Every structure is written in structure tokens, then in C-alpha cells.
Protein chains: 2
Amino acid sequence: MERERIGFIGLGIMGSRMAANLAAAGFELTVWNRTTATAEAWAAEHGARVAATPAELAAESDVVIKIVVNGEQVEEILVGEHGVIAGARAGMLCIDMSTISPQMARSLGERLGEHEIAFIDAPVTGSSPGAEAGTLTIMAGGSEADLKRAAPIFDVLGVKTVHCGEIGQGQTIKVITNAIAASNAAVLAQALIVARGAGVDLAALSEVISGGAADSRMAELKLQPMIERTYNTLFRLDHMIKDVDLALKVAADEGIPFDYAARTRELMAEASAEGFGDVDFAALYEALQARADGAP
Amino acid sequence: MERERIGFIGLGIMGSRMAANLAAAGFELTVWNRTTATAEAWAAEHGARVAATPAELAAESDVVIKIVVNGEQVEEILVGEHGVIAGARAGMLCIDMSTISPQMARSLGERLGEHEIAFIDAPVTGSSPGAEAGTLTIMAGGSEADLKRAAPIFDVLGVKTVHCGEIGQGQTIKVITNAIAASNAAVLAQALIVARGAGVDLAALSEVISGGAADSRMAELKLQPMIERTYNTLFRLDHMIKDVDLALKVAADEGIPFDYAARTRELMAEASAEGFGDVDFAALYEALQARADGAP
């Protein structure tokens, strides 16, 4: 079976690593990036054509993959003047791996469907190390047939693809699970402040948490950075605020309170206001420490 | 080296299993339980003397271990009329494996010290399966020398003994980590309510959580029971309320807010009021479900 030609849009922290894995796996790539110089440098290194516009990219691709910062960018790239729809043929598959609202994913799916373009929303987790190693988890919403078509691509990018249901449900699960992760990190941060106040031996605390009832992926990844107050950026705080906002919107649309996530959002906003927005979201700890220190 | 004679007080869900492991390991045991019939039945099965009072038990023991429900029981058993102190000789070691306040642990340590009785506070985690299998985690507060003396006993009861610092610090770490666990469970419960409301495929949600950023020991143990709303009791809700109250007291004593734990305490109290007090604390989910269903 001949491999489909891929158009890849968005060569940021995640996208550049994911596209590199596709190139290394032998896929023929055309790329586009908002900053053209980035696309040209990437194409020179990995071997790809650079398209002048998303429309041009779509014209030479069977499958278009996008991973950009937010829903506004996704929308512009798809339906803007020189957007993907302007250049696409019927039968194309569009895979959006950005994190956007489930509502927008459904709406884009409908608009693409009117042009007989198939759509999958497929946000990912695993941060940049997962993108680089090809070990992402992919949460895909769309039809069985479209997921089957995308499988050779997903197999290169990730270790686990979960079919979450219809278009939009990949996003719903992504933002809910990110809200859980952020809230677990916030619980841990608050407990750490209490432990410090009570004179607890923090190495003993870590040892008890590890493998015990209080353990979590967040404890594995974020407790030591919080103890040392040195944050290696795996996932930016401001991006996590965006994801938690989307989860709060899902909850609000259903009229369901999600107050742990709302509280976590407040703490992250405080830490962001204190200058930690570009730092790993473990730095939400700093908002609590500032309060404990009696900062204004 | 001759093995120390053990007096074991409290043959409840945890204690009966822990004492059975000590008996099986060849320790010579005297037991006491508030309900005498329980002690007699246990002794008949596992081979032990039954003491008439804690004082009598102490008189024939080198090491006294207690695991009972709360601080009031611990205090009565130690310093009550026919309590441990009344029968103990200088040089005895008393190990309290109940969960009590760090403050009370320190105070009991002082009072026992006046009688030259050594003290370790050594609460445990791992629930009844861990007690049965001898795979508890033991959080011990006390002197290095006393912990060394207790090591042959702890090695039978648990797989991991963490020296948490001075007397009382075992309790502090225990209650803080239990507050983390309960809060992680509450975050998960609330996220599950949102997911149900948004029509999420719950099997897909589980699959994404497992091994991902939102994963936790609580997700491993409690998500499926919450999805099925069928709770296998590993750790009773009312006991968890007690532990979280102790964590809130640690925080309050230091003047530090611990609002995730406070919120979790509220949810658990609601679920307890709805009749789930004797059920596993995963049933805190029911408080949220009742609200989502619009119950009064």
C-alpha cells in the first residue's frame, strides 16, 4: 500500500519533534509554519517541501496534520483565506492534534465535512519528551474508518491511541484528564506547604508517598521540583491554564461544578501573575509558598 | 539473640491480621482486646495468651504494640486504671500503630518516658490487604535506637519502614499523605461526574488515565468502583474523615490553609451523612452524584 503524503502544520516544541519522527519513518512531508524561517530550517534538516500557504500544502497532501497553540489559530489555518479548505480535495483527511475546545472540534468537523474532508480530533499527552521519543498518548475522536486510515501515522507518533468516540471526544477526555493532573499537582503542593510548616522530613515524606496511597504521576514528576523549587519545564503553566479553562467550560456547559479544577486554575493564575507562566506548571507551588511567606 | 515477647493490643481489621503475621513468624504473643471474646477466639486460632487487662499484658511483655481506633482509646489503654503503664517495667518499648494526632503522640511519648518506657509512633498504610500480606508501609517516629530494636517486628509487618523523625512525625506524615490520597480521590470523583455529564466513553477515560499524567494510586484503586458505583471496602470513609481531620489540625496548628483537604472533608461528611460511613471512602463519589442528580 502506498503511503499517504502528509502535510504538517505547526513546527513548535511538539510539532517539530512529531514531524521529525514521521520524516524518519519515511513519510513524504510538506510543511508549513506561521514563521517561514522556522519551516525552512526544519525542512533543510529533515528533508521536506515548504509550502507558501496552508492551501498550497493541502493541495499536495492526502493527510493534513496540525498542531498549533489554540483554537483561533486552528480556525484561521483551516478556513482562512489561504487556508487548508481552499486547497484541499474531497477525500482528504485532516487530523488536528492541537488542544482546542470539544465544541470547536465538532464545529470544524462539520465545516470540513461539507467539503467531503474527513476530520479527527487527536490531542496528545506526553509533553516534549514523549513527542521526541514517539511515545505520546493520542486521544482520538472520529469515525472507526478514519482512525484506521490514521493508524500508520499514529503508530509513529505515539505508543497508545485511545479511540474516545465521536469528533470532539478526544478533546473532552484530554482536557478533563489534564484538569485531574493539574489538580493532583495542586493538592501535592498544598500538602507540601503544610509538611514544611510542621517540620516534616521531606525525604521521608517523598519515600512514604512513593508507591503508597498518595502516589500519582504528578508526585513522580513534580514533588522533587516543588521541594527544590527548581522547575524543569515539561509543560508550561500558561498552557495548563488554557487546558483547565477548557475543562471548566466542558463542566459549565453541562451545569456541573468542578471546583477542584476551578481552585487549581486560581492558583495557576496567581503563579502566572508572579512570572511563572513560561515555567512548568509545578510552579503553581510558588503561589502557595508566596502566601505562606506572607507576600502581598 | 532471643526474641522479645510481644503484647498486642487491638485485634480489629488491621490488628488481627498484623498479629497473625507475628505469631506465624514465631513471636511469643500475649493479646488484649476491648471485647474479650474477640481476643479469645483469635488466641485459640493463632496461639497466644489472653491478658485480662492491658496492665497484665504489659507485665509479661518486652514490647507492647497497639493498634486501635482513635486517640481516646490509645490514652485509656496506656494511662487508664489497668493500663499499660500500671503493669510495665522500665526498659519496655511501646509501639503505637494507631493513627492519632501528632500532638497526642508527643504527649504520650513524654508520659511513657517518665516511666522509662520507650515509645515509637508507627502508623501504617496499606489497608487490610497490606496487613494480611505483611506488606504495610510503616511511618515511624522515634529514636534511631528504638527503631533498630523494633526492626525485627516491622520487618514482619511491612515491606517498607520509613524513619520520619522524632516521636509524632510518623503521624504527621501519615495524616498528610492520607489527606493527599483522599483529595486525589475527590478530584477523580468530580472529574468523573463531569465526564459522565459530557457523554464521555468511560472505558476510554480509564484507558487514558492509566499510565498518563492524571494517573494515581487512587485512580488505580478507586476509579473503577466509582464508575460502577460498587465499593469494596478497603478503607472506611469514616476512618478517612478522622485522618483528614487530623491533617487539618496539623495545618491549622501551623496557621496554613489546606483547602483541598477541607473541601474533601466536606464531601466525605456529606457521603457519610447519606449512609456511606462504613463503606470505602471511594463512596465520597456518591455525595457528588447525589448533587448532580439534584437530590436535596
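Readers should treat all values here as calculations from the given coordinates under stated rules, not as data from a laboratory. Because the structure is predicted, anything quoted here is derived from the model rather than measured. When we count neighbours, we look across all protein chains shown, and the Cβ atoms used for this are built from the backbone with ideal geometry, even at glycine.
Ranking B:120, B:152, B:92 by how far each Cα lies toward the positive end of the dipole of chain B (charges on Cβ) leaves B:152 at the top. With its label point put 7 Å out from Cα toward Cβ, residue A:90 sits 9.9 nm from the same residue's point in the other copies, in order from shortest.
Take the alpha-carbon centre of the stretch B:273-296, take the same for the stretch A:155-197, and report the distance between them in whole Å. First find each Cα centre; the distance between them is then 24 Å. Amide H to amide H distances under 5 Å link residue A:31 with A:8, A:49, A:50, A:51, where only residues 5 or more positions off or on other chains count and H is placed in the peptide plane.
Looking only at the protein assembly as shown, where both bridge partners belong to it, what percent of the DSSP beta bridges are antiparallel (to the nearest 5)?
On the way: 9 of 57 bridges.
For the protein assembly as shown, the DSSP antiparallel bridge percentage is about 15.
Label point of residue B:37 (7 Å along Cα→beta-carbon): distances to the other copies' equivalent points are 8.5 nm, sorted ascending.
The string of couplings for the stretch B:107-114 from the Karplus curve (6.51, -1.76, 1.60, θ = phi - 60°) is 5, 5, x, 5, 5, 5, x, 4 Hz, one whole number per residue in order, with x for Gly and Pro. Each Lys and Arg Cβ is given +1 and each Asp and Glu Cβ -1; about its Cα centre, chain A then shows a dipole of about 320 debye.
Would you mind calculating the gained length between residue A:36 and residue A:90 on full extension (0.36 nm times residue separation, minus the Cα-Cα distance), in nm to one decimal? Don't skip to the end; give the middle numbers.
Values: separation 54, 0.36 × 54 = 19.44 nm, distance 2.73 nm.
So the chain would gain 16.7 nm between residue A:36 and residue A:90.
Across B:245, B:201, B:96, mean-square fluctuation computed from a Gaussian network of chain B (C-alpha pairs under 10 Å connected) peaks at B:201.
Label-point spacing for residue A:113 across the identical copies (point 7 Å from Cα in the Cβ direction), in nm and ascending order: 7.3. Applying 1/(1 + (r/R0)^6) with R0 = 25 Å to the Cβ-Cβ distance of residue B:210 and residue B:291 gives a FRET efficiency near 0.40. When the pairs A:66/A:242; A:160/B:174; A:174/A:249; A:66/A:160; A:174/B:242; A:160/A:222 are compared against a 25 Å limit on Cα-Cα distance, A:160/B:174; A:174/B:242 fall above it. In a GNM of chain B with a 10 Å cut-off on Cα contacts, which of B:208, B:187, B:84 has the highest mean-square fluctuation? Highest fluctuation of the listed residues: B:208. With a ≥ b ≥ c the root eigenvalues of the C-alpha gyration tensor of chain B, is it rounded (a/c under 1.5), prolate (a/b larger than b/c) or oblate? Cα axes put chain B in the prolate bin. Need the C-alpha centroid separation for the stretch A:88-115 versus the stretch A:1-70, integer Å. Cα centroid of the stretch A:88-115 versus Cα centroid of the stretch A:1-70: 18 Å apart.
Rounded to the nearest 0.05, what FRET efficiency is calculated for residue B:220 and residue B:69 with R0 set to 25 Å and r the Cβ-Cβ distance?
Details: r = 27 Å, r/R0 = 1.08.
Efficiency at R0 = 25 Å is approximately 0.40.
Put a dot 7 Å past the Cα of residue B:254, heading toward its Cβ, do the same for residue A:79, and the two dots end up 5.2 nm apart.
Only four residue types carry charge here, +1 at the Cβ of Lys and Arg and -1 at the Cβ of Asp and Glu. Report the dipole size of the protein assembly as shown about the Cα centre in Debye, rounded to the nearest 20. Kindly include the intermediate steps, with their values, before the conclusion.
Working: 46 positive and 80 negative charges, 80 e Å.
Rounded to the nearest 20 debye, it is 380 debye.
The 3J(HN,Hα) values that the Karplus relation (6.51, -1.76, 1.60; θ = phi - 60°) gives for the stretch A:180-190 are, in residue order, 4, 4, 4, 5, 4, 5, 5, 4, 4, 4, 5 Hz. Gly and Pro appear as x. Amide H to amide H distances under 5 Å link residue B:94 with B:64, B:118, B:119, B:120, where only residues 5 or more positions off or on other chains count and H is placed in the peptide plane. In this rough spin-label picture, where each label sits 7 Å from Cα along the Cβ direction, the residue A:107-residue A:203 distance is 5.5 nm. For the protein assembly as shown, the normalised intensity computed at q = 0.08 Å⁻¹ comes to -0.62 (log10 of I(q)/I(0), Debye sum over alpha carbons, equal scatterers, no solvent). The label-point distance for residue A:116 and residue B:233, in a model that sets each label 7 Å from Cα toward Cβ, rounds to 6.4 nm. The charge dipole of the stretch A:172-294, taken about the Cα centre with unit charges on the Cβ atoms of Lys, Arg (+1) and Asp, Glu (-1), comes to about 100 debye, rounded to the nearest 20.
Within the listed set B:148, B:222, B:174, the residue fluctuating most in the Gaussian network model of chain B (springs between alpha-carbon atoms under 10 angstrom) is B:148.
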